[in-house]
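Participant: Next up is a structure, given as structure tokens.
The values are calculated or read from the model by the stated rules, or taken from the named source; none is laboratory data. Note that the coordinates shown come from a computational prediction; the quantities given were computed from them, not determined experimentally. Glycine gets a Cβ as well: all are built from the backbone with ideal geometry, and neighbour counts include every protein chain shown. Ligands, DNA and RNA are excluded from the accessible area calculation, which covers all protein heavy atoms including side chains. Shrake-Rupley method; radii C 1.70, N 1.55, O 1.52, S 1.80 Å.
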Amino acid sequence: MEAQQNLSRFCPKSSSVPWIPIVKQPFSLQLPPLPSSSYPSVQSQRPEVPSRAFHPISIAAKETCSGVWRLRCSRSGSSTAEPKESHNVRAPVTVTRKKLAVFVSGGGSNFRSIHEASKRGSLHGDVLVLVTNKSECGGAEYARNNGIPVILFSKAKGEPNGLSPSNLVDTLRKFEVDFILLAGYLKLIPAELIQAYERSILNIHPSLLPAFGGKGYYGMKVHKAVIASGARFSGPTIHFVDEHYDTGGILAQRVVPVLANDTAEELAARVLKEEHQLYVEVVEALCEERVVWREDGVPLIRSKENPNKFC
Ligand SMILES: Nc1nc2c(c(=O)[nH]1)N[C@@H](CN(C=O)c1ccc(C(=O)N[C@@H](CCC(=O)O)C(=O)O)cc1)CN2
Ligand SMILES: NCC(=O)N[C@@H]1O[C@H](COP(=O)([O-])[O-])[C@@H](O)[C@H]1O
């Protein structure tokens, strides 16, 4: 019964429990136990998330809960839960809704994709603040038009009013930011911010790292280098951020073909289309606490369909 009550907080339309709107509500699910070699997951900075929760946690329970619960969540958000077996059910683990900061320097199409996923409910997180070194860039304009606070960071010639690194850390803490997402941000993130947000800063890069990465490799420069090299494949990489450009742990990649007559613009458009999908999927996993770290330090994403498998 307790399991059903907890589950109903996620799927509110089951007959015997009060209806609770799904949006912006913490929820919990029952899932089968992990094998003993389970990896600790990336935890939010916020205390209410059980530290080093060892249960696989997943939101969209459609096929996820095989072996314990099977949920059918209709488009309207209503769903019915059919308890399968009650044995071997672990205590529920509540996944808190995550608070996100996005850093941009340009148009912000990846930022828009993430914000739209949050608004439509597929992303269990909210973009609370946009950080940029260019106050008039497209990403900052989108943020202002959508009521998202814009913070100027990185003192540049044309932007003397930017925050210092320590002031930025203080500001992000005041927003209770859990994760930082770089999306076309073109300045080096200082060690102070990386230490304050350990294993909590992601970046998307438009090539298959470690190839075509590092200082000087950004925007169209990347695609021009890929084409000039004769590489037959390219694609986006999402990685954790460390003190150097593009050397942090690789979390996800997608592959696209490089065609013999591709222009840099055509390749850029093909890669960007994959970026938009990949970044949303990765941030969904991050917010659902499905990112785990292998013993050798490689980050992995636990499958939504089968918590014992990795993407
Ligand atoms: N500490 C880190 N900071 C940043 C990382 C990172 O991995 N670690 N990723 C970059 C994003 N990026 C590639 O994904 C990247 C961005 C910019 C550059 C670069 O060479 N920038 C130029 C300045 C460009 C400008 O101001 O217009 C430079 O530093 O000379 C390389 C890679 C974000 N930050
Ligand atoms: N090395 C960093 C880098 O080149 N990042 C790239 O900047 C573009 C930003 O587009 P967006 O502003 O439309 O999201 C994206 O293609 C991203 O991979």
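Participant: Please find, among Lys155, Lys215, the residue that is open to solvent by 20 Å² or more (accessible area, probe 1.4 Å), in contact (Cβ under 8 Å) with a residue 12 or more places away in the chain, basic (Lys, Arg) and more than 20 Å from Asn110 (Cβ to Cβ).
Facilitator: Within the list Lys155, Lys215, the selection yields Lys215.
Participant: Return the pairs, sorted by first residue and then second, in which the second residue is open to solvent by 80 Å² or more (accessible area, probe 1.4 Å) and assigned to a strand (DSSP E or B), the first residue lies in the range 244-263 and is within 10 Å of Phe233 (Cα to Cα) and at pLDDT 95 or above, the beta carbons are less than 9 Å apart, and the residues are 6+ apart or on different chains.
Facilitator: Val255/Phe233; Val256/Phe233; Pro257/Phe233; Val258/Phe233
Participant: Which of the residues that make up the range 139-150 are touching a helix residue (DSSP H, G or I) at 6+ places or on another chain (Cβ under 8 Å) and either in a helix (DSSP H, G or I) or touching a residue at least 40 places away in the same chain (Cβ under 8 Å) (or both)? Quick ask: steps written out before the conclusion?
Facilitator: Step one: list which residues in the range 139-150 are touching a helix residue (DSSP H, G or I) at 6+ places or on another chain (Cβ under 8 Å), which gives 139, 142-143, 146, 148-150.
Those that are touching a helix residue (DSSP H, G or I) at 6+ places or on another chain (Cβ under 8 Å) and either in a helix (DSSP H, G or I) or touching a residue at least 40 places away in the same chain (Cβ under 8 Å) (or both): Gly139, Tyr142, Ala143.
Participant: Is at least one residue of the range 277-285 without any contact (Cβ under 8 Å) to a residue 40 or more places away in the chain, among the small types (Gly, Ala, Ser), under 22 Å from Ala117 (Cβ atoms) and more than 16 Å from ligand 1 (Cβ to nearest atom)?
Facilitator: Yes.
Participant: For the range 201-235, which residues satisfy the criterion of being more than 7 Å from ligand 2 (Cβ to nearest atom), aliphatic (A, V, I, L, M) and outside any loop (DSSP other than H, G, I, E, B)?
Facilitator: Scanning the range 201-235 gives Ile201, Leu202, Met220, Ala225, Val226, Ile227, Ala228.
Participant: Let me ask another. Yes or no: the range 257-272 includes at least one residue that is within 16 Å of ligand 2 (Cβ to nearest atom), assigned to a loop (DSSP other than H, G, I, E, B), under 26 Å from Lys215 (Cα atoms) and open to solvent by 30 Å² or more (accessible area, probe 1.4 Å). Don't jump to the end; show me each part of the working.
Facilitator: If we filter the range 257-272 for residues that are within 16 Å of ligand 2 (Cβ to nearest atom), which is where we start, we get 258, 262-272.
From what's left, assigned to a loop (DSSP other than H, G, I, E, B): 258, 262-263.
Applying the additional criterion that residues be under 26 Å from Lys215 (Cα atoms) yields 258, 262-263.
The next check asks that each one be open to solvent by 30 Å² or more (accessible area, probe 1.4 Å); those that pass are 263.
The answer is yes, given that some residue of the range 257-272 is within 16 Å of ligand 2 (Cβ to nearest atom), assigned to a loop (DSSP other than H, G, I, E, B), under 26 Å from Lys215 (Cα atoms) and open to solvent by 30 Å² or more (accessible area, probe 1.4 Å).
Participant: On the given criteria, is Leu209 touching a strand residue (DSSP E or B) at 6+ places or on another chain (Cβ under 6 Å), closer than 21 Å to Asp178 by Cα and surrounded by 14 or more Cβ atoms within 10 Å (Cβ to Cβ)?
Facilitator: In short, no.
Participant: Here are Ile189, Ile180: which of them is in contact with a strand residue (DSSP E or B) (Cβ under 8 Å, 6 or more places away or on another chain), within 15 Å of ligand 1 (Cβ to nearest atom) and assigned to a strand (DSSP E or B)? Step through it out loud before you land on a result.
Facilitator: Details: Ile189 fails: assigned to a strand (DSSP E or B).
Of Ile189, Ile180, the one residue that is in contact with a strand residue (DSSP E or B) (Cβ under 8 Å, 6 or more places away or on another chain), within 15 Å of ligand 1 (Cβ to nearest atom) and assigned to a strand (DSSP E or B) is Ile180.
Participant: So, one more: Which condition breaks for Ser200 when tested against (1) farther than 30 Å from Glu265 by Cα; (2) more than 8 Å from ligand 1 (Cβ to nearest atom); (3) without any contact (Cβ under 8 Å) to a residue 60 or more places away in the chain; (4) buried (at least 18 other Cβ atoms within 10 Å of the Cβ)?
Facilitator: (3)
Participant: Of the residues that make up the range 119-128, is at least one surrounded by fewer than 20 Cβ atoms within 10 Å (Cβ to Cβ) and closer than 23 Å to Leu188 by Cα?
Facilitator: For the range 119-128, residues surrounded by fewer than 20 Cβ atoms within 10 Å (Cβ to Cβ) and closer than 23 Å to Leu188 by Cα: present.
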